[in-house]
Amino acid sequence: MQQRSLKRKMRYSIKIILMAAVVVLASCNGKHTVNRNNKELTDSLTAVLYELMDDEPDAAMAMVDSLEREGLYGEGLANCRRAQIYSEQYQPRVSGIYALRALKDKDMKRNHFYFAYNLLINSAQNVGNTEHALKYATEALAATNKDTSSTAHEYAPDFMANIGNCQMKLGHRKEGNENYERAYQMYEEILVGAKSFSWYYPEMILCVDAISDNSLEGDFETARRWLPRLLKSYEQTVGTSDIPSHVKDNCTAEVEMVQARFYFREGNRKEAERHFQSYCQTKYSTTPFGKKSAASYLELAGRWKEVEQSLANADSFYFDNDSHHSMNYLTQVLARRFHAQQQMGHQTDALGTASKLISLLDSVEEKIDKDNAAELAVIYETQEKEQLISNQRVTLSRQRWIATAVALMLLSLFFLFYALYRRSVHKKLEKAYNQLEETTTAKERIESELRIARDIQMSMVPHEFPQRKGLDLYAQMTPAREVGGDLYNYVLQDDEFYFCVGDVSGKGVPASLFMAQTAKLFHTLATQHLMPADIASKMNNELAIGNEQGMFVTMFIALLHLSTGKLDFCNCGHNPPVLGGGEHQNTFLEMETNVPIGLFPDIQFEGQQIDNIKGHTLFIYTDGLNEAENPEQQQFSDSRLLESLKKVSHASSQQVIEHIAQEIEEFRKDAQPNDDLTMMCLRVDNVT
């Protein structure tokens with residue numbers, strides 16, 4: 001602790017000395033001297049800035065403000081550095097905002113311009129917005145195509161690789177593989193004569209992604225073609241003289257693990273185990289993150305005892321670092337331990353893990369809400385900070401001019417000085433009024449953008465329902481905030497009627513982004529005539545990849561055969577629907593237990609079926625219904641839901657939903673909704 005404190009003090013001392021040099025040069029040596037020393041001074045200060053980014057983000061941010069105020073950083077470069085600082089602190093949304101601002105600076109140097117695009121793409125990927133990441137990568141690549149500079153030539157393969165990765169995530173495998181191939185050829189062209197590991201490393205990661213993405217989809221032939229390229233790129237990367245030992249070890253671990261998973265999926269268990277043992281020889285494999293990575297291979301191999309042990313080591317790491325109140329800990333450690341314990345038949349241990357998971361859910365959700373609020377506060381604070389920097393520049397310039405004038409003509413210009421002073425006061429008052437007006441305008445703009453976002457989200461769920469004799473469907477979605485995480489959808493193809501209802505973890509903008517990706521995946525997979533359980537498995541694999549924030553979605557996915565009334569369905573951690581009519585008389589559907597979608601990859605979901613639901617009503621809903629609260633914080637509850645359904649005629653699906661909506665409204669009284677609420681009601685008779 002003392003060493004870390006000393007290190008921090010030394011960093012601050014260096015920063016103060018160098019910043020003092022800026023002030024001395026600016027005030028004593030004159031403008032021309034500063035210009036001659038700008039590059040050397042800026043490079044020195046940037047080196048200090050990079051040292052501060054990881055451990056002292058506040059000091060780094062203050063340093064960027066100073067560099068911009070002194071004119072050593074332009075507006076675009078300053079915003080680029082701010083985006084980089086927030087990226088290092090894993091605050092991707094704020095990082096993305098600064099990267100977008102950086103790109104607005106038309107005077108920014110080419111290398112900073114393309115670096116800002118890289119930060120923007122990473123930000124979009126880290127929040128799970130693959131569509132935006134693809135859009136930014138495509139824009140950046142288009143810019144390099146119009147640019148003949150060597151900088152554009154060097155950045156182009158990075159953007160091409162990002163495009164391929166996004167297309168693979170979105171299910172466009174053919175286009176994704178084509179762009180992976182283009183990126184590889186572009187890397188090969190720029191790597192001729194390269195000597196630093198930082199040049200070779202991106203190509204190695206491209207090969208890792210290509211093998212992982214294709215083997216995950218079962219395309220082993222394509223994945224195998226990338227293996228020689230991976231090994232060649234790995235040898236070039238670790239063979240450089242400037243590669244640090246820990247980076248070399250991490251590269252070895254990454255290459256061995258991707259091969260272990262590939263060979264296991266291909267069916268070559270012996271070769272897979274050989275590479276896994278090589279992975280276990282690396283130093284990275286002994287770290288908590290390395291053990292968590294090993295668990296992914298052990299899960300494939302069904303070695304559940306070792307999975308539990310690996311995750312137990314990761315468990316202690318999260319607690320030691322006080323990071324167990326996170327969705328990542330719940331999904332990547334506890335949920336996977338629960339699954340391993342179930343597979344081993346250790347029901348008591350599994351129950352204990354499940355209890356621990358449930359007990360942490362509230363605190364995790366509370367922490368997420370606080371983090372979201374903190375990020376918004378940072379955004380508003382930085383807007384004010386930028387205005388302050390601008391004001392300080394104007395004030396500094398005015399003060400220097402006034403000081404010179406007073407020194408030369410103090411007596412003769414006394415009355416003029418007095419007039420200027422009054423004018424300065426007037427301007428400050430006017431500026432304060434303008435700032436207040438700008439703040440009000442910004443608030444109104446944010447509210448307007450959220451209303452637009454709500455309209456866009458509501459347009460993503462169908463509001464027109466099938467007009468087919470014998471089929472009666474109606475649904476309704478009400479977000480608790482401007483935007484939310486609930487969804488419903490349907491696809492009607494001849495005799496097959498697919499439908500779903502889902503509830504994304506969390507609320508607000510992050511949930512709405514995850515909801516949009518989920519709805520699009522369901523619609524795409526439903527058109528492929530898959531069974532509900534297969535749709536759930538494929539959606540899970542797509543959403544679990546790169547899901548660092550640990551978001552998930554509970555879903556009820558079903559396929560109704562209209563001619564026979566047969567219902568195939570898969571329930572993924574969702575509330576049980578209510579089946580009414582006939583002998584059922586409004587009872588909860590009995591279902592197999594499946595985990596929610598997106599928690600961890602490579603899970604095979606189990607489906608069920610009902611032979612015939614003709615003449616019955618199926619009512620599906622999200623927990624915003626049964627967990628709706630009144631001012632006394634009493635919940636609507638499952639029992640009250642069943643009682644409400646018994647009071648209404650099931651002759652019309654719309655009538656059922658409108659009746660329940662009215663019951664909820666009366667129960668809530670004046671209490672604000674505490675969660676998104678979605679309801680779907682379906683009835684099928686003889687369909688023609």
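Roughly how many debye, to the nearest 20, is the charge dipole of segment 456-583 about its Cα centre, given +1 on each Lys and Arg Cβ, -1 on each Asp and Glu Cβ, and no other charges? The partial results should precede the final answer.
Details: 7 positive and 13 negative charges, 35 e Å.
Dipole of segment 456-583, to the nearest 20 debye: 160 debye.
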What accessible area per residue, rounded to a whole number of Å², is obtained for segment 192-292 using a probe radius of 1.4 Å?
49 Å²
Enter the Cα centre distance for the pair segment 213-276 and segment 651-688, rounded to the nearest angstrom.
52 Å
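Let me know the shape class of segment 485-534, please: from the alpha-carbon gyration tensor, a ≥ b ≥ c as square roots of the eigenvalues, rounded when a/c is under 1.5, otherwise prolate if a/b is greater than b/c, or oblate. Could you put the intermediate results ahead of the total?
On the way: a/c = 2.74, a/b = 2.54, b/c = 1.08.
Note, shape of segment 485-534 comes out prolate.
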Based on the alpha-carbon gyration tensor of segment 588-641 and its eigenvalue square roots a ≥ b ≥ c, which shape applies: rounded if a/c is under 1.5, prolate if not and a/b is larger than b/c, or oblate?
oblate
Run the 1.4 Å probe and let me know the accessible area of Val192, rounded to the nearest 10 Å².
120 Å²
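So, for segment 476-635, what is the accessible surface per residue at a probe of 1.4 Å, expressed in square angstrom? Please list the in-between numbers first.
Values: 5660 Å² over 160 residues.
On a per-residue basis, 35 Å².
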Among the listed pairs Lys292/Lys356; Lys538/Lys566; Lys169/Lys356; Lys232/Lys292; Lys195/Lys291; Lys135/Lys520, which have their C-alpha atoms separated by more than 25 angstrom in this model?
Lys169/Lys356; Lys232/Lys292; Lys195/Lys291
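What do you get for Rg/Rh over segment 494-619 if you use C-alpha atoms and the Kirkwood form of Rh?
When Rh is taken as the Kirkwood radius, the ratio is 0.98.
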Return the long-range amide H neighbours of Tyr474 (sequence gap of 5 or more, or a different chain), with a cut-off of under 5 Å between placed amide H atoms.
Cys681
Signed unit charges on C-beta, dipole axis of segment 482-534, positive-most listed residue Pro532, Tyr490, Ala516:
Ala516
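The values are calculated or read from the model by the stated rules, or taken from the named source; none is laboratory data. Fair warning: this is a prediction, and the values are worked out from it, not measured in the lab. Heads up, the Cβs are rebuilt from the backbone with ideal geometry, glycines too, and the neighbour counts pull from every protein chain shown. Side chains included, ligands, DNA and RNA excluded: accessible areas come from the protein's heavy atoms. Shrake-Rupley method; radii C 1.70, N 1.55, O 1.52, S 1.80 Å.
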